[in-house]
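The values are calculated or read from the model by the stated rules, or taken from the named source; none is laboratory data. In this text the structure is predicted, and so the values were computed from the model without any measurement. Methodologically, a virtual Cβ is constructed for each residue, glycine included, from the backbone with ideal geometry; neighbour enumeration extends over all protein chains shown. For the accessible areas, the whole protein counts, side chains as well, though only heavy atoms, and no ligand, DNA or RNA atoms are used. Shrake-Rupley method; radii C 1.70, N 1.55, O 1.52, S 1.80 Å.
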Amino acid sequence: MADYIYLLENRLSAAQKSALATVRDVVRAKGQTLFLVGGAVRDLTSGSPVRDLDVVVQGNALKLRKDLELAGATVQGSADATQVLYLKFPGGVRMEVGSTLSASYPKPGKPVYKAATILEDLRRRDFTANAMALSLNDGSYGLLMDPLNGVADIENRELRLASNYGFIEDPIRMVRAARFSARLGWTLEEKTQGRYDTGKEEGYISALQDFPRGYEVEEIVHEEDPLRVIRRLESEGWMQVLAPEWGSAKANVVELEKVRDTQTQLQMQGIHPDAATVNFPLLTAKMSAKDVDALKKSFPRPGFVAEIDALEGEAKDFAMQLGGKAAATPSAAYRLILSSAPEAVLSVVYATKSAALQAKFKSFFGEWPQMRQKIPYALMQEMRITPELPGYVELVEKLFFELMDGNLGSTEEMKAFLEPYSPPAPPPPVHLRRARAARKDAKGKARAKKGAALAAATDLDDEDDDREDNDDAEDAGLDDEDEDDSGDDGDEPDVAALVGAAVTGLDEDEDADSVDGETERGGDDRDDDDDEDEKPARPVKAKAPAKKAAASAPVRGKGVTASPVPAAVKKPIAQVVAVSAKVAAKSAARTPVVATVKGAGGSKAVAAKSPAAPAKGAKQAVKPVAAKASAKTHAAVKVAAKAPVKVAAKSPAKKKGH
């Protein structure tokens, strides 16, 4: 099923939507309900152009006349029996405002109407395709009512009678069936066609009344292609019933075709004239004035007759203005054509013989509209003139007219014209977020120090492994080693100092973490992710501190009170202690044992080899060295225990290759 809200918004012209909105406001103020009915709903559903609008209210529509006139509508006529107002809105919109009625037919062609609901009103209509309604009320806007399944007949492109006795009750429906078939190209449904043929044979048309006869004659004039409709009615014999003095032979066919072509050109430029007022003189061109006057009197809309009579004078006035000094420039002529009555413009365009006017109309249809393609939208975008800017539409129109008059031929002239409308450049954006690099650098430096201290202690093990590889070479020169050993104490790394450095690095890391925790409280997962992605700093081999640093370390038992070591520090200190013990053991193993041998020439010192089993005197000499290293280690551990640190060390650095 079609989305009728969408169709109401997109298939109707701007003038038609404005007219419907006006009527809705008036009816809502009166507390009544409003429905779109008849041919408008049929054309929306079938996809045909919507030519006019039919609406009904549940109440007496005649009482809305004054309110509708105050709202801008022009009342062209009315019908008291059916309670219908024939209106004309700005933009050439024709509308019928009627009441919801039911009809009974005590005699053929003589209906009796009374107030009814919308569904009863739909069932009294001529064909099922016309017996549909759309709600225009709040809360049910766009709701379709189709009690006779007219949508199915529209899909089949068929006209089906809403009542089996439709042609007998109202014979004008046979004329309407022929007119709709000529306009829409539809066929009659099988049973409807049979009843139609029976009505023609039985002469149902003899009961036709004057009002519906005049209504159908006027509707012929309002057709988009009136000649085709007249010819179809002539073939069915209905023109002799409607207007015997009128037919296709009385029309100026050549001028009618010219009017149709001109109307199409105007519609492409946004001008939508009602061609009926222009077509009527051409359709009755070969009729006598008396017959033409009689035909006009039969129309139910006196206002339409007044428009026909006033058209000639309006066309002359428009032609004089267009050829005068007020329309000397192209932009002035363009504005005048758009602002004048569409019917007067149509009349002058197809009928004028003036070369100057013909040249202007030629430019209006061809050259002038092409100026819109030269509007510098890219330049306007560079100058920050965008559609969101107030007055943008008016500026584009003004630029269009300047281009039409040839006042803007170069880019520099366009820039100069647009400069007053260019808004100032926006200020640069302000970045309120603080840079994160400083926090990361501080954190990275603290962790680098910690890693370097731990890596330095690990490297001691690697150096001792290198010394073991050179033990065999040292056996060849024991005397020289004695001299070197005297300086080994200076090269031997101070374990206590290394432990102190590690603890100091842990303290600095704790301070850095505490600062980061205050600034990043609430959790910043991105810092943690960045820290995990950071590669650990390459360990730097720490130099051995001087002996004085070891001498200043506190000695166990001399006024130093041990404090519990935090869990986060136990692992790094335990690693350093283990490495220190290993170094002390290896140093003791490498320390040469000097034995005193008494002989005849006096006592002599003899150096024993390290791999050999040490003598008793050698064992006594090794013990003081190991004890000395052990004392340094314990002293460093006690110093480290004083400052608890909660940061655990990362994975140890890789060992150097041998």
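Which pairs turn up if I take residues in segment 172-201 that are among the aliphatic types (A, V, I, L, M) and look for partners that are loosely packed, with under 15 Cβ neighbours inside 10 Å with beta carbon separation below 6 Å, at least 6 apart in sequence or on another chain?
Pairs that qualify, where the first residue is among the aliphatic types (A, V, I, L, M) and the partner is loosely packed, with under 15 Cβ neighbours inside 10 Å, are Ala182/Arg228.
Kindly indicate whether Glu382 is of a type in the set (Asp, Glu) and either under 16 Å from Thr329 (Cα atoms) or crowded, with 16+ Cβ neighbours inside 10 Å (or both).
Values: of a type in the set (Asp, Glu): yes; either under 16 Å from Thr329 (Cα atoms) or crowded, with 16+ Cβ neighbours inside 10 Å (or both): no.
So Glu382 does not fit the description; no.
Could you tell me which residue of segment 151-205 is most open to solvent (accessible area, probe 1.4 Å), considering only residues that are of a type in the set (Val, Ile, Thr) and in contact with a Phe, Trp or Tyr (Cβ under 7 Å, 6 or more places away or on another chain)?
Start the filter on segment 151-205 by keeping residues that are of a type in the set (Val, Ile, Thr), which leaves 151, 154, 168, 172, 175, 187, 192, 198, 205.
Now narrow it down to the ones that are in contact with a Phe, Trp or Tyr (Cβ under 7 Å, 6 or more places away or on another chain): 168, 175.
Working: Ile168: 69, Val175: 0 Å².
Across segment 151-205, the extreme among qualifying residues is Ile168.
Could you check, for segment 361-370, whether at least one of its residues is touching a Phe, Trp or Tyr at 6+ places or on another chain (Cβ under 7 Å) and closer than 30 Å to Lys88 by Cα?
yes
Across segment 73-104, what is the number of residues that are closer than 29 Å to Ala152 by Cα and open to solvent by 50 Å² or more (accessible area, probe 1.4 Å)?
1
Among the residues in segment 131-150, are any under 43 Å from the mean Cα position of the chain (by Cα) and acidic (Asp, Glu)?
Filtering segment 131-150 down to residues under 43 Å from the mean Cα position of the chain (by Cα) leaves 131-150.
Still in the list and also acidic (Asp, Glu): 138, 146.
For segment 131-150, residues under 43 Å from the mean Cα position of the chain (by Cα) and acidic (Asp, Glu): present.
Hand me the list of helices (runs of 4 or more DSSP H) wholly inside segment 2-108 holding 1 or more residues that are in contact with a helix residue (DSSP H, G or I) (Cβ under 7 Å, 6 or more places away or on another chain) and closer than 21 Å to Glu219 by Cβ.
Numbers: elements: 4-10, 14-29, 39-46, 65-70.
It comes to 39-46.
Would you mind stating whether Glu224 is closer than 16 Å to Gly39 by Cβ, open to solvent by 10 Å² or more (accessible area, probe 1.4 Å) and assigned to a loop (DSSP other than H, G, I, E, B)?
Values: closer than 16 Å to Gly39 by Cβ: yes; open to solvent by 10 Å² or more (accessible area, probe 1.4 Å): yes; assigned to a loop (DSSP other than H, G, I, E, B): yes.
For Glu224, the condition - closer than 16 Å to Gly39 by Cβ, open to solvent by 10 Å² or more (accessible area, probe 1.4 Å) and assigned to a loop (DSSP other than H, G, I, E, B) - is met.
Contact list please: Cβ distance under 6 Å, first residue in segment 404-432 and closer than 24 Å to Gln373 by Cα, second residue acidic (Asp, Glu) and not in a loop (DSSP other than H, G, I, E, B), pairs at least six apart or on different chains.
That search, which allows pairs on different chains as well, returns Leu408/Glu402.
From Leu346, Leu322, Leu336, which residue is more than 26 Å from Glu96 (Cα to Cα), part of a helix (DSSP H, G or I) and open to solvent by less than 10 Å² (accessible area, probe 1.4 Å)?
Numbers: Leu346 fails: more than 26 Å from Glu96 (Cα to Cα); Leu336 fails: open to solvent by less than 10 Å² (accessible area, probe 1.4 Å).
When all the criteria are applied, what remains is Leu322.
Across segment 302-318, what is the number of residues that are farther than 19 Å from Val349 by Cα, open to solvent by 10 Å² or more (accessible area, probe 1.4 Å) and under 49 Å from the mean Cα position of the chain (by Cα)? Spell out how you get there, then give the answer.
At the first step, the residues of segment 302-318 found to be farther than 19 Å from Val349 by Cα are 302-306.
Still in the running and open to solvent by 10 Å² or more (accessible area, probe 1.4 Å): 302-303, 305-306.
Applying the additional criterion that residues be under 49 Å from the mean Cα position of the chain (by Cα) yields 303.
Qualifying residue count for the region: 1.
Do you know which of the residues in segment 232-248 that are touching a residue at least 24 places away in the same chain (Cβ under 8 Å) and assigned to a helix (DSSP H, G or I) is nearest to Arg176 (Cα to Cα)? Full working, then the answer.
Pass one, segment 232-248, residues touching a residue at least 24 places away in the same chain (Cβ under 8 Å): 232-233, 236-238, 241-243, 245-246.
Narrowing the set further to residues that are assigned to a helix (DSSP H, G or I) leaves 232-233, 236, 241-242.
Working: Arg232: 11, Leu233: 10, Glu236: 11, Val241: 13, Leu242: 12 Å.
Among them, the one singled out is Leu233.
Out of curiosity, is Arg372 open to solvent by 90 Å² or more (accessible area, probe 1.4 Å) and among the basic types (Lys, Arg)?
No: the conditions fail for Arg372.
Which members of segment 337-388 meet the condition of being within 22 Å of Ala276 (Cβ to Cβ) and touching a Pro at 6+ places or on another chain (Cβ under 6 Å)?
Matches in segment 337-388: Pro342, Glu343, Leu346.
Pairs needed: first member in segment 325-340, within 19 Å of Leu399 (Cα to Cα); second member anywhere, assigned to a helix (DSSP H, G or I) and not hydrophobic (A, V, I, L, M, F, W, C); C-beta distance under 7 Å; at least 6 residues apart or different chains.
Correct list of pairs: Ala327/Gln321; Pro330/Ser363; Ala333/Lys360; Leu336/Gln321.
Pick out the one residue from Ala275, Ala251 that is buried (at least 18 other Cβ atoms within 10 Å of the Cβ), without any contact (Cβ under 8 Å) to a residue 40 or more places away in the chain and either under 30 Å from Gln370 (Cβ atoms) or small (Gly, Ala, Ser) (or both).
Values: Ala275 fails: without any contact (Cβ under 8 Å) to a residue 40 or more places away in the chain.
Going through Ala275, Ala251 in turn, just one is buried (at least 18 other Cβ atoms within 10 Å of the Cβ), without any contact (Cβ under 8 Å) to a residue 40 or more places away in the chain and either under 30 Å from Gln370 (Cβ atoms) or small (Gly, Ala, Ser) (or both): Ala251.
Can you work out which of the residues in segment 38-62 that are closer than 22 Å to Asn149 by Cα and of a type in the set (Gly, Ala, Ser) is surrounded by the fewest Cβ atoms within 10 Å (Cβ to Cβ)?
Restricting to residues being closer than 22 Å to Asn149 by Cα and of a type in the set (Gly, Ala, Ser), the top hit is Gly47.
Within the bounds of segment 112-120, is there any residue that is over 17 Å from Val37 (Cα atoms) and touching a Pro at 6+ places or on another chain (Cβ under 9 Å)?
In the first step, residues of segment 112-120 are kept if they are over 17 Å from Val37 (Cα atoms); the result is 112-114.
Then keep just the ones that are touching a Pro at 6+ places or on another chain (Cβ under 9 Å); that gives 112.
The answer is yes, given that some residue of segment 112-120 is over 17 Å from Val37 (Cα atoms) and touching a Pro at 6+ places or on another chain (Cβ under 9 Å).
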